[in-house]
Amino acid sequence: MGTYRQGTGQNNRADEIEYLIELESCLAEMFRESEHLPQRSHLLTTNSLIVLRMLLENLSISPTLSTHLTRDTEIEDLCTELLDTTSKLLFEVLLAVSEHPTFGTELSLSRVISQLESRFSSFSGVYSSMTERALFLISRKSAPSTTFLLYCLFYVVEVLCRNCNKCRTLLTSSHLEDIRYYCSSPELKVVRYTPLQTLTIERVQKLLKLLQ
């Protein structure tokens with residue numbers, strides 16, 4: 001995974017981004033489907049959390065594109081899809097350590113936050129992109145097909161804003177006005193009559209309260 005995100009000193013190709021999308025989608029699904037399996041806890045906490053540290057390190061880095069590819073609409077769509085899968089995977093990680101704390105004291109939300117803060121020079125760009133993506137979707141009054149993605153995005157943005165000072169500072173300095181504008185009256189913008197409607201609205205309201 002790391003060779004596609006970093007370390008080569010080269011720009012990413014479209015097929016590498018497609019590979020990352022498939023890989024992160026599989027990892028998110030594995031997190032979701034292995035919630036009650038003790039093997040998941042063992043895998044994430046073994047060898048001083050090396051697997052989790054490698055995962056978070058790669059989620060903290062955006063693909064590197066050559067100048068001409070940044071204007072390619074196909075590449076833009078792939079990068080957006082990758083951001084969506086990254087958001088869903090980070091959602092599963094945060095959910096696992098905060099709302100389903102089956103790891104004991106070895107692994108906690110504070111440890112995950114600490115790992116992200118240590119890479120904030122790169123993760124700040126990913127976090128900003130997630131925030132902008134969430135605002136874009138809610139500004140379009142969201143579609144049923146994006147209901148779960150919208151919840152994942154606001155969950156990640158709100159949880160990190162609440163628990164990470166660097167994330168909160170970033171939102172306050174760069175996104176505050178947009179958040180206040182696009183997130184006002186969320187009950188009118190989130191798709192109605194879906195299981196995640198209330199939960200998504202609550203996350204949006206919590207984020208607004210944090211940034212008052």
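Taking the conditions exactly as written (closer than 25 Å to SER121 by Cα and either touching a residue at least 40 places away in the same chain (Cβ under 8 Å) or more than 19 Å from the chain's Cα centre (by Cα) (or both)), does SER174 satisfy them or not? It is true that SER174 is closer than 25 Å to SER121 by Cα and either touching a residue at least 40 places away in the same chain (Cβ under 8 Å) or more than 19 Å from the chain's Cα centre (by Cα) (or both).
All told, LEU150 meets the bar of being assigned to a helix (DSSP H, G or I) and crowded, with 21+ Cβ neighbours inside 10 Å.
Among the residues of the range 131-145, what is the count of those that are touching a residue at least 24 places away in the same chain (Cβ under 8 Å) and open to solvent by less than 70 Å² (accessible area, probe 1.4 Å)? Total meeting the criteria: 7. Considering LEU55, LEU83, the condition of being modelled with pLDDT of 85 or more and open to solvent by less than 70 Å² (accessible area, probe 1.4 Å) is satisfied by LEU83 alone.
Answer with yes or no whether SER122 is among the polar types (S, T, N, Q), under 24 Å from GLU16 (Cα atoms) and under 11 Å from the mean Cα position of the chain (by Cα). Criteria not met by SER122.
Considering the range 1-10, and only residues there that are assigned to a loop (DSSP other than H, G, I, E, B) and surrounded by 15 or more Cβ atoms within 10 Å (Cβ to Cβ), the residue that is modelled with the highest pLDDT turns out to be MET1.
Per-residue answers, yes or no, for (1) more than 26 Å from CYS161 (Cβ to Cβ); (2) acidic (Asp, Glu); (3) modelled with pLDDT of 70 or more; (4) in contact with a Phe, Trp or Tyr (Cβ under 9 Å, 6 or more places away or on another chain):
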position	(1), (2), (3), (4)
ASN12	yes, no, no, yes
SER25	no, no, yes, no
ALA28	no, no, yes, yes
ARG32	no, no, yes, no
HIS36	yes, no, no, no
SER41	yes, no, no, yes
ILE50	yes, no, yes, no
SER60	no, no, yes, yes
PRO63	no, no, yes, yes
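Being under 22 Å from SER25 (Cβ atoms), touching a Phe, Trp or Tyr at 6+ places or on another chain (Cβ under 8 Å) and polar (S, T, N, Q) holds for only one residue in THR131, THR200, THR194, and it is THR200.
The values are calculated or read from the model by the stated rules, or taken from the named source; none is laboratory data. Source: prediction; values computed, not measured. Positions of Cβ are backbone-derived with ideal geometry, glycine not excepted, and every protein chain shown enters the neighbour counts. What goes into the accessible areas is simple: the full protein's heavy atoms, side chains included, and nothing from ligands, DNA or RNA. Shrake-Rupley method; radii C 1.70, N 1.55, O 1.52, S 1.80 Å.
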